[in-house]
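Contents: one structure, followed by commentary.
Derivation of every value follows stated rules applied to the coordinates shown; laboratory data play no part. Just so we're clear, the structure is a prediction, and the values are computed from it rather than from any experiment. Don't worry about glycine lacking a Cβ; one is built from the backbone with ideal geometry, like all the others, and counts go over all protein chains shown.
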Amino acid sequence: MSGKWPGGFIKKTAPTVVGPVDGEGGSASGIWTLDQAADYEQRGLWPMPTLGRELYAWGRNNYGSLGLGNTTNLSSPVQVGTLTTWSEPASGLYFSLSTKTDGTLWSWGDNSYGQLGLSNTTAYSSPVQIGIYTTWSKVTAGEDFTTAVKTDGTLWAWGSNSQGQLGNGATSPNRSSPVQIGALTNWLDTSSGSSYTLATKTDGTLWAWGTNNQGQLGDGTTTARSSPVQIGALTTWANIANGTFHSIATQTNGTLWTWGYNEKGPLGLGDTTSRSSPVQVGALTTWLNVAGGMYSTYAIKTDGTLWVWGLGTSGQLGNSAAVDYSSPVQVGGLTTWSKVAGARYTGLATTTAGTLYAWGSNAYGQLAQGTSGTANSSPVQIGALTTWNVISKNIQSQSILVTTKG
């Protein structure tokens, strides 16, 4: 998940770029030029230090997706092991993954399609390391597949491939070990929906592949793609996110764009018509962080306000009304929201004070209030901790994974 430096710049991991020293023709290994630094700052790629964190889990625990060595649902946060080296977690439908600060990648839960990347289809209820690599940077989980970026800018995928979601030019077979997508080394970030993926490159371009029945790839068609296709020609894409069948992205100028499925209004365009190409949501240039729920959308502005729209019948919009909205509506009056994520029918967000809130469905204890079953249509604080940090990308999941600052 992204945050921001003072002044509003988005923090993401930037590649190591070396070029001529400004005003000179030479180069210096490992040193950015002023022009390069200015370019990264403008495009939101300023580097963020990797911090070690504890990992906590709760909610639905099918196949051991909480990583606690059992399959018992939990309605309160429980730490996954004792390590404080977790980085950024991600959740698929019934499986989970997380990188560590040492660059290793770990997975657990359902493995029916090889989505754990462990060269088998065996389910695991505790974290297991994927291979021996120490170069994993970003990871995202779809319904039953995984996509990840390494520190060298290469892109990898594994798991189900029935819709071309592995991006390797085919729709079969499934893969139970990481397979590289192409040979490029300039991939930056990924975000996955049910059976498709969005990805950005370091040049600010946007790419997509997988199922496309609702136009969720954004290439102007409803044709599935088994290899990455560029979405338009813009080089200003910043944050990306998915719902199950709809896509969300910001640009470096602070504008917000959506496309794909829209029957419940998750595109925020004031109607319920699906789109197969990106359409701007209003005219504001103050959008910062975005996330998708199953048929819902969540976004934080630079002023710290939280906005939601789409399916709301389980209270997952958090605005005290269990109804659908096809245009953005504000959640309460707080101006200290920092990071946001959407689970299957639940929303979660942290504040700048490090507190964590959840709202929506609580069928499996997703709200972490010590009980399950009763939904809540307004944000409720989870415990009293003020050290919550990164919420997993968990669009398909009812398993909640969050890291603390450690």
| field | Filter result (surrounded by 14 or more Cβ atoms within 10 Å (Cβ to Cβ) and either out of contact with any Ser or Thr (no Cβ under 6 Å at 6 or more places or on another chain) or assigned to a loop (DSSP other than H, G, I, E, B) (or both)) within the stretch 158-169 | value | S160, N161, S162, Q163, G164, Q165, L166, G167, N168
| message | Return the pair list, or none, for Cβ contacts closer than 7 Å from residues in the stretch 371-386 that are in contact (Cβ under 8 Å) with a residue 40 or more places away in the chain and more than 13 Å from L348 (Cα to Cα) to residues that are small (G, A, S) and part of a loop (DSSP other than H, G, I, E, B), at least 6 apart or on different chains. | response | S372/A363; S372/G365; A375/S314; A375/G315; A375/S361
| Counting only residues that are within 22 Å of the chain's Cα centre (by Cα) and among the aliphatic types (A, V, I, L, M), how many does the stretch 119-142 have? | 4
| query | For the stretch 279-293, how many residues meet the condition of being surrounded by fewer than 24 Cβ atoms within 10 Å (Cβ to Cβ) and in contact (Cβ under 8 Å) with a residue 60 or more places away in the chain? | reply | 0
| task | Please indicate, with yes or no, whether at least one residue in the stretch 310-318 is touching a Pro at 6+ places or on another chain (Cβ under 6 Å) and more than 25 Å from T404 (Cβ to Cβ). | result | yes
| request: Determine, yes or no, whether A148 is within 22 Å of W388 (Cβ to Cβ) and either in contact with a helix residue (DSSP H, G or I) (Cβ under 9 Å, 6 or more places away or on another chain) or crowded, with 24+ Cβ neighbours inside 10 Å (or both). | output: no
| query | When the residues of the stretch 200-217 are filtered to those that are assigned to a loop (DSSP other than H, G, I, E, B) and under 17 Å from the mean Cα position of the chain (by Cα), which remaining residue is nearest to S274 (Cα to Cα)? | reply | Q216
| request: Looking only at the stretch 170-187, decide whether some residue is without any contact (Cβ under 8 Å) to a residue 24 or more places away in the chain, among the polar types (S, T, N, Q) and not in a strand (DSSP E or B). | output: yes
| query | Could you say whether any residue in the stretch 100-119 is among the β-branched types (V, I, T) and assigned to a strand (DSSP E or B)? | reply | no
| said: Can you report the number of residues in the stretch 304-351 which are over 15 Å from Q366 (Cα atoms) and in a loop (DSSP other than H, G, I, E, B)? | reply: 17
| What about L401, is it outside any strand (DSSP E or B) and touching a residue at least 24 places away in the same chain (Cβ under 8 Å)? | no
| within 28 Å of A283 (Cβ to Cβ) and part of a loop (DSSP other than H, G, I, E, B), is that true of N362? | no
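Residues checked against (1) touching a helix residue (DSSP H, G or I) at 6+ places or on another chain (Cβ under 6 Å); (2) surrounded by 21 or more Cβ atoms within 10 Å (Cβ to Cβ); (3) among the hydrophobic types (A, V, I, L, M, F, W, C):
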residue: R53; (1), (2), (3): no, yes, no
residue: S65; (1), (2), (3): no, yes, no
residue: T71; (1), (2), (3): yes, no, no
residue: S75; (1), (2), (3): no, no, no
residue: S87; (1), (2), (3): no, yes, no
| request: Name the residue, out of T285, T235, T223, T272, that is among the β-branched types (V, I, T) and in contact with a strand residue (DSSP E or B) (Cβ under 8 Å, 6 or more places away or on another chain). | output: T272
| Scan of the stretch 204-227 for residues that are surrounded by fewer than 24 Cβ atoms within 10 Å (Cβ to Cβ), farther than 17 Å from G292 by Cβ and of a type outside the set (K, R), ordered by number | G204, T205, D219, G220, T221, T222, T223, A224, S226, S227
| field | The listed residue being under 20 Å from E143 (Cα atoms), surrounded by fewer than 20 Cβ atoms within 10 Å (Cβ to Cβ) and over 22 Å from the mean Cα position of the chain (by Cα), out of A322, A363, A375 | value | A363
| task | Scan the stretch 245-265 residue by residue and report those that are crowded, with 24+ Cβ neighbours inside 10 Å and among the β-branched types (V, I, T). | result | I248, T250, T258
| Search result, residues across the stretch 241-285 that are under 17 Å from W307 (Cα atoms), of a type in the set (A, V, I, L, M, F, W, C) and not in a strand (DSSP E or B) | L267, L269, V281, A283, L284
| note | Residue hits (the stretch 120-145; aromatic (F, W, Y), under 17 Å from P173 (Cβ atoms) and part of a loop (DSSP other than H, G, I, E, B)) are none
| Of all residues in the stretch 218-234 being in contact (Cβ under 8 Å) with a residue 40 or more places away in the chain and assigned to a loop (DSSP other than H, G, I, E, B), the one that is farthest from G254 (Cα to Cα) | A224
